[in-house]
Each structure stands twice: as structure tokens, then as C-alpha cells.
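For reference, the structure discussed in these notes is given below.
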């Protein structure tokens, strides 16, 4: 007696909107009795089953009278579908090897003590699902017991069949459909898990971006940040701004060489270390020397380095101390004067390059009103057009002068600067970009 496939559920693959390749006892050419040719789901390129794969079915049923029989069946390529039979769950566990693609479970199988769960009539199915979470499962139930079959699908089976409606051609199709549906379910679950991980990573990265601590300061703050890494919120660039109890405003920007997640993590460590050291009262060479020790301890190899620019602005806002560790010099704009770069003759080496290096602190006169822009090299290393020429610091200064003459300031100025650099580059910038702006208006 052939294994059942319900006539009212004869085309579940049609219900799912999938196209099916031929299945029949007579081979892939169709039903020898003249029945319709059925098609296999999913193009071969996306299916784990190809012409070299033999389908294997594990039948779990307890039928001492021998009334349940599984006919010889062929898959889409005309290869025989291999059949294994287990009379109980213990035997099924032994026969359930990696080459099994689908399980046909008789729901009338007596519930053993190991699978029993009170009066739960689907306890055996639930046990099989726990035993074989990666395998497709077809549930076999009595004719007319569609409610039980539907409940089996709700619990986790891929489909259900009626015991007394048996057809080898449709059974072979049902096996193939169940295998493909299981594959699709796993792919969808992996996609969902991937999306959840991406959302968690985004929340984590967003939480690691700095929040300036400038309470009580008359200075205005603005920043723009664009990681070069695809789909990331955080790159190897880092920045921070804080006001210490004496009224001094400290600003910092830096760049870890590289663009991956390890560099981003190191940048966060350096930023947090800088904030802690600043609040501890360190400044200038002493702070950068300690920050280099942090980098040397945390980096993965001796080739990793970081450039840093630190500025400490006096409480009156008219002067500042500047330290450069291999980093581009900030740009300053003052009323009645063209924007220009701050002095950079005493630029020290990048952190992590020279043991026991020193970083001199330069005193800079700012004036009564000014805008100070700190940036990473991602802003100046973009190309200009299709050639190899890069924007450079001089090109950036000219660009900012023009934008200031147009009346741009604060967030609007930074947004315009980053957008124009991107347009000049002809698309997205390969490097991380961080820019921060401090303004003092009397």
C-alpha cells in the first residue's frame, strides 16, 4: 500500500507559488499513466540538491501488520529515492545520519516513555523535531484528520499526508517540497538572525560614538562622522570634546591606521582613555605619552599606529595649546581674515611609531571670535575628478574659505564640506572622515 498524499493537498508547492520539476515513478518525463508532469521547487543554483545527490527518506512507523508500505520512487533526476525504516524512536535516532534529507513520521506511532508529555498527542512529533532540527519532516495522519495534520505543521512539520491516500508520484514531490521548504525556512531564519545582529551592532556602535561634555562653556560644538567601512557606524577615526572643572575646553581628534572593526575598537579605547586622562589633569606631552602606552598595549601588532591632534582652550577662550602627533593641523577662521591652518612646525610622530617620543605643546593665540575645525585625513585625501590628484590641505582651505564666504557655519558648514569632498571624489570616500568644529562668538 503506497504512502498517502492527500488529494486536497496534492499541490502544496503550487500553494507556495513555487515551480516544480518533474517527479513520477516512471522518471522525470512524467506520469506513465498520462498524469500531469509536476515541477521541482527552486532553481538548481539555489538548491542544496543536484543531479549527483540521492534523496534519502527515513520512515518512522510501527506497523506490525505491514499495512503501510512505501513504493519505489524516483527523484527529479530519475535517481531512486532511498528508503530507511525505523520502528521506534531509538531505532530512528540510530538511522538518522547526515545523508537523510526527509523524515516521514506516522503520528499513530505509540508514544514511548522518553517522548511522552502527558496527554500531548503530538509528543512523538515534538521529540523527532528536537532530535532532527535540521531535517525536513512530513507528518502522516489518518484520512479526514486534517485538524491534527494542520496542528503538526503548526508545531514544526513541513507538511502532512493522509495515510489511506497513497501515491508514489505525489509522495516524491512532497518529499522534495518538504526538503526545499526546510531549506527556505533555515535561510529565512539565518537572514532574520543576521538582521538582528546588524541592529545590535548598530546600537552598540551608536552608543560608542562620543557625547561632548561642554556644560557651562560658551563655545558651540558641531561634528560630522562618516566611516569608510560599508554599513558601519564606527570607523578607525575618533574624536571627543570635554570641559574640565577649571573651565578649560579640551578637544581631540585621531585616526587609527586601517578601516576594520579592530581599528574601530582601538579608536574607541583611545578616545575613552583620552577622556579619562584629561579629567585626571593630564595635558600635552604627558597625556600623549600615556596614550601611546595604551595603544602599544591594546594593538594587535607593532605596525598599528594612530595620529592624534589635541587642543586645550583656555577658560577665556582667547588662546589654546596645540599638540600634533603625526596629524594634520587644525584650520582656524577669524572675522576679517582668511581661514588658515594653525602652525604645524613642531608636529611630533604618530603614536606607536617611536618609543619614548615627545610631543611639544605649542601656544596659539585665537582672538576674541573664531571657528576652529579639527579633521582627519579622510577629508583631504579624496581625489579630484578622475585623475590621481588629491584635494590636499590647500584645496580644503580654499574650499572652506569659499563656503564661509557663502555664510555657512556650524553643522551646515561641515555638512557642505563633507558633501563637496565626496562629490569631488566622484562617489563615496574610501577612508573614514571625522570633522569637528568649535565656535566662539563674543
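Tell me, yes or no, whether region 378-393 has at least one residue that is over 36 Å from the mean Cα position of the chain (by Cα) and outside any loop (DSSP other than H, G, I, E, B). No: region 378-393 contains no residue that is over 36 Å from the mean Cα position of the chain (by Cα) and outside any loop (DSSP other than H, G, I, E, B). With the condition kept exactly as written, say whether any residue in region 297-306 is under 15 Å from residue 376 (Cα atoms) and at pLDDT 95 or above. Yes, region 297-306 contains at least one residue that is under 15 Å from residue 376 (Cα atoms) and at pLDDT 95 or above.
Among the conditions (1) part of a helix (DSSP H, G or I); (2) buried (at least 16 other Cβ atoms within 10 Å of the Cβ); (3) at pLDDT below 85, the only one that residue 109 does not satisfy is (1). Among the criteria (1) at pLDDT below 95; (2) over 21 Å from residue 411 (Cα atoms); (3) in contact with a strand residue (DSSP E or B) (Cβ under 6 Å, 6 or more places away or on another chain), the one residue 325 does not fulfil is (1). Scanning region 223-268 for residues that are in contact with a strand residue (DSSP E or B) (Cβ under 9 Å, 6 or more places away or on another chain) and either modelled with pLDDT under 85 or in a loop (DSSP other than H, G, I, E, B) (or both) gives 227, 228, 233, 234, 235, 236, 244, 248, 257. Scanning region 394-426 for residues that are on the phi < 0 side of the Ramachandran plot, outside any helix (DSSP H, G or I) and out of contact with any strand residue (DSSP E or B) (no Cβ under 9 Å at 6 or more places or on another chain) returns 406, 408.
The values are calculated or read from the model by the stated rules, or taken from the named source; none is laboratory data. What you are looking at is a predicted structure, and each value in this text was computed from that prediction instead of being measured. Neighbour counts are summed over all protein chains in view; Cβ atoms, including those assigned to glycine, are modelled from backbone coordinates with ideal geometry.
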